[in-house]
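Engineer: Okay, here's the structure, questions in a sec.
Every number here is computed from the coordinates shown, using simple stated rules; none is lab data. Given the structure is predicted, the values throughout are model-derived calculations rather than measurements. When we count neighbours, we look across all protein chains shown, and the Cβ atoms used for this are built from the backbone with ideal geometry, even at glycine.
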């Protein structure tokens, strides 16, 4: 069976990335044949690179990013509405810190080898946006790994040995070199890029077009 690759460049503290994931999943539920051939690979991106290991206060961060309180309120209200439309509960009031997500991206990379990358990605989004857990904490990341069936002792050892730091750094740099400037970005068959949390109908249309042109990767 031919495989259609889909690389999703995202960050686990990006609310639109979670919304985009859910919209894609709704499209795939209607396209069972394409979904069966899809190889989804989650790729790293950092919305807030260079944060200290302990992260920074979320309220202070967004006050600097969006100085107008009314603008912040409108953004959050829109995200709450968009989230509800795809079954997501955003609990922004529970989030205390904006974390450094580099270790979370390493965990996502290792989850691919463990065969549970989709579950880990979903669990990280939920941990941050619904439960307000600190994704910069390795303790939290180990708990998520264990909840998704990964070997927490192995993951702890990989963190202790500082594995794959260079690989994740290179992947982030490669995304920038490709011209990616925002997330989520969905790259179909290594050629066709779609940026943003597009409607499910847009994903369905792209899948039809790609299949029609035979742009499949084995």
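Engineer: Based on C-alpha coordinates, I'd like the Rg and Dmax of the stretch 136-217, in Å.
Structural biologist: 17.6, 47
Engineer: Just round it to a whole percent: the fraction of Cα-Cα distances in the chain exceeding 23 Å. It would help to have the intermediate numbers written out before the result.
Structural biologist: Numbers: 11328 of 23653 pairs.
Counting pairs separated by more than 23 Å, the tail of P(r) holds 48 percent.
Engineer: Okay, moving on. Between the stretch 134-180 and the stretch 51-87, what is the separation of their alpha carbon centroids in Å?
Structural biologist: Using only Cα atoms to place each centre, the spacing works out to 24 Å.
Engineer: If the elastic network links every pair of Cα atoms under 10 Å, which of 45, 110, 94 fluctuates the most in the Gaussian network model of the chain?
Structural biologist: Largest GNM mean-square fluctuation: 94.
Engineer: Report relative contact order for the chain in percent, whole number only (criteria: Cα-Cα under 8 Å, sequence separation at least 6). Numbers along the way, then the final one.
Structural biologist: Numbers: 301 pairs, mean separation 74.7, N = 218.
Relative CO of the chain lands at 34 percent.
Engineer: Report relative contact order for the stretch 122-218 in percent, whole number only (criteria: Cα-Cα under 8 Å, sequence separation at least 6).
Structural biologist: On the way: 40 pairs, mean separation 11.4, N = 97.
With pairs under 8 Å counted, the relative contact order is 12 percent.
Engineer: Report Rg(Cα)/(2.2 N^0.38 Å) for the stretch 71-169, keeping two decimals. Don't skip to the answer; put the middle values down first.
Structural biologist: On the way: Rg = 14.7 Å, N = 99, 2.2 N^0.38 = 12.6 Å.
The reported ratio for this selection is 1.17.
Engineer: Among 19, 172, 75, which one shows the highest mean-square fluctuation when the chain is modelled as a Gaussian network with alpha-carbon springs under 10 Å?
Structural biologist: Judging by the Gaussian network model, the answer is 75.
Engineer: Where both residues lie in the chain, what percent of DSSP beta bridges are antiparallel, nearest 5? Kindly include the intermediate steps, with their values, before the conclusion.
Structural biologist: Working: 11 of 18 bridges.
Beta bridges within the chain, antiparallel portion: roughly 60 percent.
Engineer: Arranged by the count of other C-beta atoms within 10 angstrom, fewest first, what order do 54, 171 take?
Structural biologist: Working: 54 11, 171 17.
Result, fewest neighbours first: 54, 171.
Engineer: Can I ask one more? Given a 10 angstrom Cα cut-off, can you work out which residue in 184, 49, 69 is the most mobile in a GNM of the chain?
Structural biologist: Greatest mean-square fluctuation among the candidates belongs to 69.
Engineer: Which value at 222 nm does the chain reach when only helices count, each DSSP H run of 4 or more adding -39,500 (n - 2.57), with the total divided by all residues and rounded to the nearest 500 deg cm²/dmol? Working shown, then result.
Structural biologist: Numbers: 10 runs with 118 residues, N = 218.
Computed ellipticity for the chain at 222 nm equals -16500 deg cm²/dmol.
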